[in-house]
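Undergrad: First, the structure itself, so that you have it in front of you.
The values are calculated or read from the model by the stated rules, or taken from the named source; none is laboratory data. Because the structure is a prediction, the values reported are computed rather than measured. Neighbour counts are summed over all protein chains in view; Cβ atoms, including those assigned to glycine, are modelled from backbone coordinates with ideal geometry.
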Amino acid sequence: MANVTVIGAQWGDEGKGKIVDWLASRADVVVRFQGGHNAGHTLVVGNQTYKLSLLPSGIVRGTLSVIGNGVVLDPWALKSEVEKLTAQGVSITPETLQIADTCPLILPFHRDLDALREDASGQGKIGTTRRGIGPAYEDKVGRRAIRVCDLAHLGQLGPQLDRLCAHHNALRAGFGEPPIDRAGLEAELAEIADFVLQFARPVWLRLNAAKAKGERILFEGAQGVLLDVDHGTYPFVTSSNTIAGTAAGGTGLGPSAAGFVLGIAKAYTTRVGAGPFPTELEDAIGERLGERGREFGTVTGRKRRCGWFDAVLVRQSCAVSGVTGIALTKLDVLDGLDQIAICTGYRLRGETLNHFPAHAADQASVEPIYETIEGWQESTAGARSWAELPASAIKYIRRIEELIQCPVALVSTSPEREDTILVRDPFAN
Ligand code: IMP
């Protein structure tokens, strides 16, 4: 099957946008399967830059773009993103955008709760994007969510709103907040309903038809494996499963649909928000990586923490997500360094570890074991073949492949789509 699933192999922000855009130009359908508008994907097409948070990247080129049931959908964020892209000349119609009618909605009080909880958490802050993602997923598994299909039956929402308000009003009272303005919420939902409903479909049907016809489906993951609610650095994670397996459950396709799993990894490591980061560099090299890599969050504008490539973490991400090949991005950010370090293991209480331990305190106290390799002074920016790379850069990539036990399928050397070294075409799997 010629499907491709793209996932982040670190803590998000690996440069998925460019790779997804390149693959989307050859896909028949592009599908988001988890997360919400906490994601930030930047696409550079010609001289236009598009910033997407919720919409699948195929939308920019008019490819059928699907939001699967695994996504949590903020109707107002959807509307504003659609309007922003329309103003940039992108045509978004029910033919090009389809949204699962089973998507749970992110409502205004989810956003409030996200912020109230973060502000009240002192040292325990997660550093969320404050978009209401966690509270909306909680309501989904708590069976209190209002879903896209409910927008077509607003007159029948009574019992659901009773349950939802009872739960949230108790929480809000604890935070000293007034109860939910139920009439106001109903009015807001009534106002936005038609806008969302024009795109609502049983998308699993369309996707299964695509599968039967042998169409190429591109599954576009958001965030990264280390932010997965099960496999990531819990509790400093997002509230969805970010691994490739979610491409099946988050869309209504069977597990074989994932196809080639392309893990995106930066040639170094970054993280936004709180949580353990063993190879973090709080020195001039970390600053340099941040500046050269323009490491500021697309969604929140926050400065990203930077550090060396952690082969232990990426090996673990590849294993738990079943990665077939890696796309290594932002190699050019390392240009000009005398020495480059790669983390190959950890030391914890006198023991050597080849995996990341589960407990948050252990994760925060592991000491990285580094291997140092010679850097390169030449520019790798814009390289499109191995021949254009300095020998030390090739050595660095080969060593990463060995350590993570996964082959490199692509190397990205600038934000431009064509500045890519293609080793193995994921769609030709
Ligand atoms: P939430 O997803 O807003 O609940 O945030 C939980 C954690 O995931 C925080 O550390 C965020 O910074 C991080 N996070 C969420 N979305 C992204 C993303 O797209 N890129 C990088 N980090 C993210």
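Undergrad: If ARG292 satisfies all but one of (1) surrounded by 23 or more Cβ atoms within 10 Å (Cβ to Cβ); (2) away from the ligand (no atom under 14 Å from the Cβ), what's the number of the condition it fails?
TA: With respect to (1) surrounded by 23 or more Cβ atoms within 10 Å (Cβ to Cβ); (2) away from the ligand (no atom under 14 Å from the Cβ), ARG292 is out only on (1).
Undergrad: Being farther than 15 Å from ASP335 by Cα and basic (Lys, Arg) is the filter here, so list the residues in the range 353-407 that pass it.
TA: Those that are farther than 15 Å from ASP335 by Cα and basic (Lys, Arg): ARG384, ARG398, ARG399.
Undergrad: Among the residues of the range 133-152, what is the count of those that are within 12 Å of the ligand (Cβ to nearest atom) and under 19 Å from ALA193 (Cβ atoms)?
TA: 1
To keep it simple, each residue is scored yes or no on (1) within 14 Å of the ligand (Cβ to nearest atom); (2) of a type in the set (S, T, N, Q); (3) under 22 Å from the mean Cα position of the chain (by Cα).
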| site | (1), (2), (3) |
| --- | --- |
| LEU107 | no, no, yes |
| ASP114 | yes, no, yes |
| THR128 | yes, yes, yes |
| HIS167 | no, no, no |
| GLY174 | no, no, no |
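Undergrad: Another question about this same structure. Return the residues of the range 386-410 that are in contact with a Leu (Cβ under 9 Å, 6 or more places away or on another chain) and not in a helix (DSSP H, G or I); say none if nothing qualifies.
TA: Those that are in contact with a Leu (Cβ under 9 Å, 6 or more places away or on another chain) and not in a helix (DSSP H, G or I): LEU389, VAL408, ALA409, LEU410.
Undergrad: Suppose we filter the range 312-345 for residues that are more than 15 Å from the ligand (Cβ to nearest atom), small (Gly, Ala, Ser) and within 27 Å of PHE427 (Cβ to Cβ); how many remain?
TA: 5
Undergrad: Follow-up question, since we're still on this one. From the residues in the range 1-55 that are more than 16 Å from the ligand (Cβ to nearest atom) and among the small types (Gly, Ala, Ser), which one is farthest from SER317 (Cα to Cα)?
TA: Step by step, filter the range 1-55, then rank; the result is GLY46.
Undergrad: For ASP230, which of the numbered conditions (1) closer than 18 Å to PHE356 by Cα; (2) touching a residue at least 40 places away in the same chain (Cβ under 8 Å); (3) more than 12 Å from the ligand (Cβ to nearest atom) fails to hold?
TA: So ASP230 meets the others, but not (2).
Undergrad: Can we say ILE243 is in a loop (DSSP other than H, G, I, E, B) and either in contact with a Cys (Cβ under 7 Å, 6 or more places away or on another chain) or buried (at least 18 other Cβ atoms within 10 Å of the Cβ) (or both)?
TA: Spelling it out, ILE243 is indeed in a loop (DSSP other than H, G, I, E, B) and either in contact with a Cys (Cβ under 7 Å, 6 or more places away or on another chain) or buried (at least 18 other Cβ atoms within 10 Å of the Cβ) (or both).
Undergrad: Is it the case, given these coordinates, that ALA210 is over 25 Å from ASN354 (Cβ atoms), assigned to a helix (DSSP H, G or I) and out of contact with any Ser or Thr (no Cβ under 9 Å at 6 or more places or on another chain)?
TA: Yes.
Undergrad: Among PHE260, PHE219, which is the only one that is closer than 22 Å to GLN98 by Cβ, of a type in the set (Phe, Trp, Tyr) and away from the ligand (no atom under 12 Å from the Cβ)?
TA: Just one listed residue meets the conditions, PHE219.
Undergrad: I'd like to check something: does the range 263-277 contain any residue that is surrounded by 19 or more Cβ atoms within 10 Å (Cβ to Cβ), modelled with pLDDT of 95 or more and away from the ligand (no atom under 16 Å from the Cβ)?
TA: For the range 263-277, residues surrounded by 19 or more Cβ atoms within 10 Å (Cβ to Cβ), modelled with pLDDT of 95 or more and away from the ligand (no atom under 16 Å from the Cβ): present.
Undergrad: Would you mention how many residues in the range 118-138 are over 18 Å from LEU54 (Cβ atoms) and touching a helix residue (DSSP H, G or I) at 6+ places or on another chain (Cβ under 8 Å)?
TA: The qualifying residues number 3.
Undergrad: Also: Within the set of pairs 6+ apart or on separate chains, which have a first residue in the range 119-142 that is farther than 14 Å from PHE236 by Cα and at pLDDT 95 or above, a second that is assigned to a loop (DSSP other than H, G, I, E, B) and within 6 Å of the ligand (Cβ to nearest atom), and C-beta atoms under 6 Å apart?
TA: Matching pairs, first to second residue: ARG131/ASN38; TYR137/SER239.
Undergrad: Separate question: If I go through the range 401-420 residue by residue, how many of them are at pLDDT 95 or above and more than 22 Å from the chain's Cα centre (by Cα)?
TA: 4
Undergrad: Would you confirm, using the coordinates I've provided, whether ASP362 is under 22 Å from THR242 (Cβ atoms) and touching a Leu at 6+ places or on another chain (Cβ under 9 Å)?
TA: Taking the combined requirement at face value, the residue satisfies it.
Undergrad: Now for a different question. Could you list all residues from the range 316-355 that are of a type in the set (D, E, K, R) and under 27 Å from GLY382 (Cα atoms)?
TA: Selection gives LYS330, ASP332, ASP335, ASP338.
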